[in-house]
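Here the structure comes first, spelled out in structure tokens, and everything after it is commentary.
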Amino acid sequence: MRNSLRLLFETMLIPAIPGEAVITQPQQQYKLRVNVPITFSAFIPDNNIDAPPSFVTYAYCDFNPCIYQGDNRDFTPTGTTYRVRQQITLVPADPAQPLGFLAGTTANLVQPSALYDKLTSIGLDGNLTQEALADTVLGDTVLKIAVGTAGTSSMNVATTRAAPRAMQVELSGNVTNPIPFFACNITWDLTVIADGTSKSSPIYEISGKRGEYPAYDMSIGVQYLQLYDPRPLGRTGFSLCAPTEPISQSGALQ
Amino acid sequence: MSAAWKNLIAGGVVLVAASAYPLTLIEREWRAGAQFAANFSIQPEYNENTEELNGHKIVVTDAFLKGQFKPEDQVSAPVKIFIDGKDVSDPSVVEIRPYYRGANRYHGWVVMTRLLDKKSGQKCIVVGERTLGDTLTGGKRAVQPGTEFRLLLVDANGTTKEERFSLDERASPLYREIFVRFLYPQSIGFYSSVLDVWPTLIYPILYPMVTGAGGFLMIAAGVGGRLLRAK
């Protein structure tokens, strides 16, 4: 069955993902997929970032250099590390799906934050060592000191039908660093529209606002978007406390 | 001057004095950032490891383009850098993620960007590389102490300029530091890492910002109160 579908896709010259159906119409290059998966992520490109004193939680780090683990990656559609991630699969043009999205595909995800002693955890090349990453003894003053996972209660994925063949999803959140007593948050509030009204040229639109740190990326359909990189602008973790900035992007939806 | 005004001024002076050093460092980072933004802009290449400017082609590659790799795989090897076909590689060993294409393949070690000098309008392509001088011993990376960086700046005429510098020399000229952000594994600033933290309530909000502003207000209130009382 899968081979038959693949042959059909290849014959019609439509890029396909195995197991995913594509809406097609004769004599038209209609590209909108039935399923439009969206994955939004915020990630810290650096391997590690300094942890300032908080004078509440880990006294050792109030007087000794400590660091948080970063996501240690650049923009890539297959990035597996992130601070926060939201997912949903829209079906904007499928009349069989009145909700406009696939049930069970909505996800609000966070990856654990980890605090390390800087002096014992950094190798000569500046990266966290494998020994530090694998440390399971917490609450001491060497290698990994603490691990925490932020709550997802502020994260929201809300869908509305914007038009008969267009779905709108709001991705929002205000997620903190769970380890110190108080930290400035990763903040975003985006509206994404997958619009299949035009059969020959479906489009996506992204608008809203996001914080000045960390980096943000998004996969929509088969496209990968580098939404924001703080590094060329010289922005740092300090920018987490700055007001949000508007974001606006649109293009063809494939 | 009554004791209350004196105490207010003295308290303010203590707070301002205690906050002055980090505030100075923060101000210097902000000033350097604004200066960079006024003079330069950079556009990293995330998707490819090839760039072209005015017909001049720059390629960053390695020996692991073929083969089956997993996302978590890393290999230690030198990268090859070609400018118009000419090999300008450094023998230093870097970490390569062979599964990936684009920026993530050499994340933290090699970066390729476009640099625009806003004043002159000149564009160039910059390949930045972290060169520790590491070597391969029995297939494993032998890490050498010290961090150095190498920039290859290729202008529209194909002329290539090489800059080598240490971490301490990253802010002169200013654009170097922005490349170091892509090449150094830890978030780092122009002159210090005072802004490169995950901010908490204590730092930098209460200290030094609130303490500095509060101290200044206390001094102003103390001096103002004394002057009003004198009238």
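Quick notes on this one:
- Only residues that are more than 17 Å from residue B:108 (Cα to Cα), more than 12 Å from chain A (Cβ to nearest Cβ) and among the hydroxyl-bearing types (Ser, Thr, Tyr) were counted in segment B:140-196, giving 4.
- If the condition is being at pLDDT 95 or above and among the hydrophobic types (A, V, I, L, M, F, W, C), then segment A:147-166 contributes A:147, A:150, A:155, A:157, A:158.
- Odd one out for residue B:160, checked against (1) touching a His at 6+ places or on another chain (Cβ under 6 Å); (2) surrounded by 17 or more Cβ atoms within 10 Å (Cβ to Cβ): (1)
- Verdict on residue A:136 being over 30 Å from residue A:117 (Cβ atoms) and not small (Gly, Ala, Ser): no
- Some residue of segment A:62-84 being under 21 Å from residue B:193 (Cβ atoms), surrounded by fewer than 20 Cβ atoms within 10 Å (Cβ to Cβ) and of a type in the set (A, V, I, L, M): no
- Criterion: of a type outside the set (Phe, Trp, Tyr), within 30 Å of residue B:201 (Cα to Cα) and in contact (Cβ under 8 Å) with a residue 12 or more places away in the chain - qualifying residue of A:183, A:166: A:183
- Within segment A:218-241, considering residues that are more than 10 Å from every other protein chain (Cβ to nearest Cβ) and not in a strand (DSSP E or B), the one surrounded by the most Cβ atoms within 10 Å (Cβ to Cβ): A:221
- Being surrounded by fewer than 17 Cβ atoms within 10 Å (Cβ to Cβ) and either out of contact with any Phe, Trp or Tyr (no Cβ under 9 Å at 6 or more places or on another chain) or within 14 Å of another protein chain (Cβ to nearest Cβ) (or both) is a property that residue B:39 has.
- Taking the criterion of being surrounded by fewer than 15 Cβ atoms within 10 Å (Cβ to Cβ) and under 30 Å from residue A:169 (Cα atoms), the residues of segment A:103-145 that qualify are A:103, A:104, A:107, A:109, A:112.
- Members of segment B:1-26 found to be touching a helix residue (DSSP H, G or I) at 6+ places or on another chain (Cβ under 9 Å), in a helix (DSSP H, G or I) and surrounded by fewer than 17 Cβ atoms within 10 Å (Cβ to Cβ), listed by number: B:4, B:6, B:7, B:10, B:11, B:13, B:14, B:17, B:18, B:20, B:21
- Filter pass, residue B:105 being within 26 Å of residue A:76 (Cβ to Cβ), in contact (Cβ under 8 Å) with a residue 40 or more places away in the chain and basic (Lys, Arg): yes
- Test: residue in segment A:195-217 that is within 14 Å of chain B (Cβ to nearest Cβ), surrounded by 19 or more Cβ atoms within 10 Å (Cβ to Cβ) and of a type in the set (Lys, Arg): no
- Condition check for residue B:218: within 24 Å of the chain's Cα centre (by Cα) and either free of Cβ contacts under 8 Å to residues at least 24 places away in the same chain or over 30 Å from residue B:42 (Cα atoms) (or both): no
- Residues within segment B:75-98 that are surrounded by 14 or more Cβ atoms within 10 Å (Cβ to Cβ), of a type outside the set (A, V, I, L, M) and at pLDDT below 95, tallied: 5
- Taking the listed residues B:132, B:65, the one that is at the interface with another protein chain (Cβ under 10 Å from one of its Cβ atoms), in a loop (DSSP other than H, G, I, E, B) and not polar (S, T, N, Q) is B:132, with no other qualifying.
- Lone qualifier among B:102, B:108, B:33 - being buried (at least 18 other Cβ atoms within 10 Å of the Cβ) and not assigned by TED's automatic domain parsing to the domain that holds residue B:159: B:33
- Taken residue by residue, segment A:156-175 has no member that is more than 14 Å from residue A:41 (Cβ to Cβ), within 14 Å of chain B (Cβ to nearest Cβ) and in contact with a strand residue (DSSP E or B) (Cβ under 7 Å, 6 or more places away or on another chain).
The values are calculated or read from the model by the stated rules, or taken from the named source; none is laboratory data. Keep in mind that what you see is a predicted model, and the values were worked out from it rather than measured. Positions of Cβ are generated from backbone atoms using ideal geometry, with glycine treated the same way; all protein chains shown enter the neighbour counts.
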